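One structure is given here, and the rest of the page talks about it.
The values are calculated or read from the model by the stated rules, or taken from the named source; none is laboratory data. All figures in this text were calculated on a predicted structure; none of them were measured in a lab. Here the Cβ is made from the backbone with ideal geometry for all residues, glycine too, and neighbour counts use every protein chain on show. Quick note on the areas: whole protein, heavy atoms, side chains included, nothing else; ligands and nucleic acids left out. Shrake-Rupley method; radii C 1.70, N 1.55, O 1.52, S 1.80 Å.
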Amino acid sequence: MKESNAPAIGRTPFQKWLDKYQGLFYLIPWIIGFVVFKAVPFGQSLYYSFTDMNFFKSGTQFVGLANYITAFTTTKITKALLITFKYAFITVPLKLVFALFIAYILNFKIACVNLFRTVYYIPSILGGSVAIAVLWKAVFSVDGLLNTVLRAVTFGLVQGPEWLSDPSYALWIICFLRIWQFGSAMVLFLAALKGVPADLYEAATIDGAGKWRQFFSITVPMITPIIFYNLVTQICQAFQEFNGPYIITNGGPRGSTTLISLLVYNYAFKSYDMGMASALAWIMFIIVCILTIIAFTSQKKWVYYSDER
């Protein structure tokens with residue numbers, strides 16, 4: 001085959017540059033959205049946290065660390081921080097335990113397993129909605145479904161407590177709503193369980209290991225990467241919880257369900273104190289970062305990755 005004697009048409013410098021960087025043009029919509037809706041508000045909130053920014057006050061003054069000092073010296077805010085920690089430390093472990101328990105059961109070959117998987121996953125889709133929070137409030141109100149059933153079953157002997165008006169019950173009701181939404185974590189655990197090699201269980205059975213020994217010596221170590229992932233994501237979500245406390249109890253009774261996210265909303269959109277709201281948001285962000293760093297640091301001691309030697 002004869003080679004062509006026609007002169008090769010060279011590409012212009014602009015065409016070469018376009019070939020090299022044309023991928024950036026496809027990223028422009030995302031970059032614009034990230035800068036406008038993420039980066040700029042992120043920087044503004046940091047700046048506002050050092051000011052006395054107020055929507056209905058002319059002029060903004062730089063106050064330094066005053067907002068942060070006030071946050072840690074105000075009883076209402078420190079109480080909200082403690083309640084947020086309590087809420088997170090209750091919901092995260094229990095949610096992961098329930099998710100792993102249900103995933104372990106659904107991993108067996110049982111009848112209608114696909115139906116059960118769907119049913120258990122539905123709360124994760126609906127649980128964060130306003131409608132479910134309203135329904136939850138109706139169920140646990142004084143004359144709600146739960147107390148009505150208690151009265152019917154006991155023929156009026158048991159009236160049932162005021163679940164949402166008693167500080168000793170209210171936080172637990174909010175926690176149960178969060179724990180009930182274990183579907184997403186369950187799906188991840190189920191996928192991880194499917195990936196555990198069957199020959200490990202066969203070898204353990206030959207060696208005489210029982211089901212409990214197999215679970216804690218084989219299953220749990222093999223799925224620790226998913227446990228770690230669910231732990232980090234659930235901690236982040238727990239500290240950002242807002243819908244449940246706001247709709248069901250509005251932070252009451254007597255502030256027993258006031259999480260730090262609810263205080264951020266109250267300062268920003270009720271008191272219009274954007275400076276304090278931004279400071280609280282950054283305190284929450286720093287706390288989540290610290291907990292995440294602790295989790296990532298500790299994973300070297302308890303998370304097993306199959307590709308590591």
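Structure values in brief
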item: Test: residue in region 114-125 that is touching a residue at least 12 places away in the same chain (Cβ under 8 Å), closer than 25 Å to residue 284 by Cβ and either touching a Ser or Thr at 6+ places or on another chain (Cβ under 8 Å) or open to solvent by less than 90 Å² (accessible area, probe 1.4 Å) (or both); result: yes
item: Sole exception among (1) more than 29 Å from the chain's Cα centre (by Cα); (2) on the phi < 0 side of the Ramachandran plot; (3) among the small types (Gly, Ala, Ser) for residue 64, by number; result: (2)
item: Failed criterion for residue 280 (all others in (1) open to solvent by 10 Å² or more (accessible area, probe 1.4 Å); (2) touching a residue at least 40 places away in the same chain (Cβ under 8 Å); (3) of a type outside the set (Phe, Trp, Tyr) hold); result: (1)
item: Residue match in region 158-179 (condition: of a type in the set (D, E, K, R) and open to solvent by 40 Å² or more (accessible area, probe 1.4 Å)); result: yes
